[in-house]
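See structure below.
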Amino acid sequence: MQKYAVISMLTGVNILLSFTFGFHPDYWYAFMFALALSTALHSLSVVMILWSWLFTGRPQERMEPKNILYVVPCYNESLDELQETLNSLTSQYKRLNDDHGLIIVCDGKVKGNGNGKSNGKDKDVILSTDKILLKLLRLPEDAGFKDHYTNASGNEVKTDIYECVYNSMKCMLIVKHTNQGKRDSITLVRRLAYGESTEVPTSLMTRFCNWIGDLPDYIVGVDADTIFHPMCTEELIKGIERGGDMCMGCVGFVDIPRKWSPFVMYQYAEYHFGQLLRRRAQSEVTRKVNCLSGCNQIIRVSKETCGDELMNRYTRVPTALDTIFTHIRSYASEDRNHVCLMLSMYPYVTTVQARDAIAYTNVPESIPVFLSQRRRWTLGALTNDMLLTYLPGISFLERIGAMVNVITFSFNPFIFVATCFFIKAIVNAPSMLMLYLSIPMLIPFVYCLLTVPITRGFYLREIIYFYLSYAWFILMGLPVSTVVYFNSLFGMDTIKWGKTRQVTEPDVRFKYVYEPQTFNIDFDDDSSSSSSSDLNLSANPPNGLRADLSSPVRKNGNEIDVDNMMTDADYLSIDEVNILFKHESFV
């Protein structure tokens, strides 16, 4: 209901403005506020960056050794992706007496697309992510310790914990028996690293402290499909220490391997535009970067970043009485949400950017995956910007910037229409007023054309690639943003991931049963399927039986034992399987 109320309101406003503009094109200047808001913000960012560049002194080098903990949350990545990521972390530049440790959190035992191997008799043996990690770390399956913790929903999460050394770096692997989400994984590690959390069982805290030794000074976050440049960690440490004792976080620069693909070129320019303009202005002027990308970030271990007060707000589970925006914030853009809450609770905290801390990631190269990713990013950014408009403790400039972002998103279709009419007016009846008003709109584009090649130290071939990508980005920016706008609105109640969340088989879960009986479950044997909604009961269950996604079903011989489903190792195969339903009161 809330979704359609939001869609109806925004559709009505945009249609009204668009028709008004269409009927009165001669008064185009009256609508310039909508066209100029975002551009004015970008132009202000350029001015602030230049001011900071002229009057900021040279940064000092760090002197003291640090304890660093790398955190790699993973879900369904392939062996190659995991190996490349982990190898890039163990190859990081390390100063004398620095101590680096690695903790990997496997978020459930699922099998991702492409996680296969050739195995003599069987053409393809599909490995679950935990099995891939055990193979990569050369650990026997029975070498782990059993433990558990309670998640934000109050449910017990069982874990297997392994300790080893990987490429000369101490390593801990935490395998959760069920998928709880990335937010749960990073919350668990931050509570452990802080060492004073009352929300972590003593047994788990003791095991972590015995493994880590001295508690870490910093946590470096990296996604399981991201590759760090060898100097990335060192530059992240420099960045956060240049910010002083109140600097609690630093984000690096996320780069994309260049390809001659329209998808890659568009996102290549988009990544550079966003990181070297708005984010750079936040870092150098307001010192309030409100999004520390989870694939390339460092945070100081402290009460402000890892304390229970913040973590409890960060992991709060929405109720049925909460708005749809609160529900979106609970699953989308967890990194941005953490920073926004921190900046509000502790206004003295600063966050910065280190442009020389480079990490490489791959981007979507198909329309469905691109739209799925942008839906999550767009809704996550929008709902967190809405938070910044009214939360206490937010700086004035950041509050204004958040308001501009929310307004710009809300009027996106009208901005598209108004831009088309404005271009038509320039072609048919140009005037000096149009020229004067257009000049400020060109400032951010000219800034990127001139500064990006210099800032990144591009060679000629890279400069040519960037200019072509930037031209493609400018040409397609409005149409793409409009498509993303409608896809985000109509999918705002959909929790679905693209390629990064694809699994070979649904995570089948049942809760309520009526009496012992056998049913068949038909799976859509399609490797592109990733949603548990692809399963169907082939027989009508008796009255009172209800399926619910709550606890995983595992294999136990030829049947699924609901009582012991947490102890079995393997997931269901893609085929018809029998489920033994046991009597339980219907709720």
(message) Could you list, ordered by first residue, the pairs with Cβ atoms under 7 Å in which the first is in region 464-484 and of a type in the set (Ser, Thr, Tyr) and the second is outside any helix (DSSP H, G or I), at least 6 apart or interchain?
(response) Tyr465/Arg258
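Given the criterion surrounded by fewer than 18 Cβ atoms within 10 Å (Cβ to Cβ) and of a type in the set (A, V, I, L, M, F, W, C), identify the matching residue among Met386, Met441.
Values: Met386 fails: surrounded by fewer than 18 Cβ atoms within 10 Å (Cβ to Cβ).
The match here is Met441.
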(message) For the condition of a type in the set (Asp, Glu) and under 16 Å from Tyr194 (Cβ atoms), what is the one hit in Asp308, Asp322?
(response) Asp308
(request) Filter region 222-249 down to the residues that are outside the structural domain of Asp335 (by TED's automatic domain parsing) and in contact with a helix residue (DSSP H, G or I) (Cβ under 7 Å, 6 or more places away or on another chain), then identify the one that is surrounded by the fewest Cβ atoms within 10 Å (Cβ to Cβ). (result) Asp225
(message) Could you check region 332-358 and list, in sequence order, the residues that are part of a helix (DSSP H, G or I) and surrounded by 19 or more Cβ atoms within 10 Å (Cβ to Cβ)?
(response) Glu334, Asp335, Arg336, Asn337, His338, Val339, Cys340, Leu341, Met342, Leu343
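Kindly state which strands (runs of 3 or more DSSP E) lie completely within region 166-274 and contain at least 1 residues that are within 21 Å of the chain's Cα centre (by Cα) and charged (D, E, K, R).
169-176, 247-255
Among Leu489, Leu442, Leu435, Leu449, which is touching a residue at least 60 places away in the same chain (Cβ under 8 Å) and in the same structural domain as Ser366 (by TED's automatic domain parsing)? Outline the logic, then answer.
Working: Leu442 fails: touching a residue at least 60 places away in the same chain (Cβ under 8 Å); Leu435 fails: touching a residue at least 60 places away in the same chain (Cβ under 8 Å); Leu449 fails: touching a residue at least 60 places away in the same chain (Cβ under 8 Å).
The conditions single out Leu489.
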(request) Name, by its number, the condition in (1) within 17 Å of Thr206 (Cβ to Cβ); (2) out of contact with any Cys (no Cβ under 9 Å at 6 or more places or on another chain) that does not hold for Lys158. (result) (1)
(message) Please pick out the residue among Gln282, Gln297 that is in contact with an Asp or Glu (Cβ under 9 Å, 6 or more places away or on another chain) and farther than 30 Å from Glu81 by Cα.
(response) Gln282
(message) Residues to consider are Arg300, Arg329, Arg313, Arg279; find the one that is buried (at least 20 other Cβ atoms within 10 Å of the Cβ), over 15 Å from Thr361 (Cα atoms) and touching a Leu at 6+ places or on another chain (Cβ under 9 Å).
(response) Arg329
(request) Could you please let me know if Pro392 is at pLDDT 90 or above and assigned to a loop (DSSP other than H, G, I, E, B)? (result) yes
(message) Against the conditions (1) within 17 Å of Thr85 (Cβ to Cβ); (2) under 25 Å from the mean Cα position of the chain (by Cα); (3) surrounded by fewer than 14 Cβ atoms within 10 Å (Cβ to Cβ), where does Leu133 fall short? Just the number, please.
(response) (3)
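The values are calculated or read from the model by the stated rules, or taken from the named source; none is laboratory data. All of these numbers come straight from a predicted model, not from anything done at the bench. Reconstructed Cβ throughout: ideal geometry from the backbone, glycine too, with neighbour counts over all protein chains shown.
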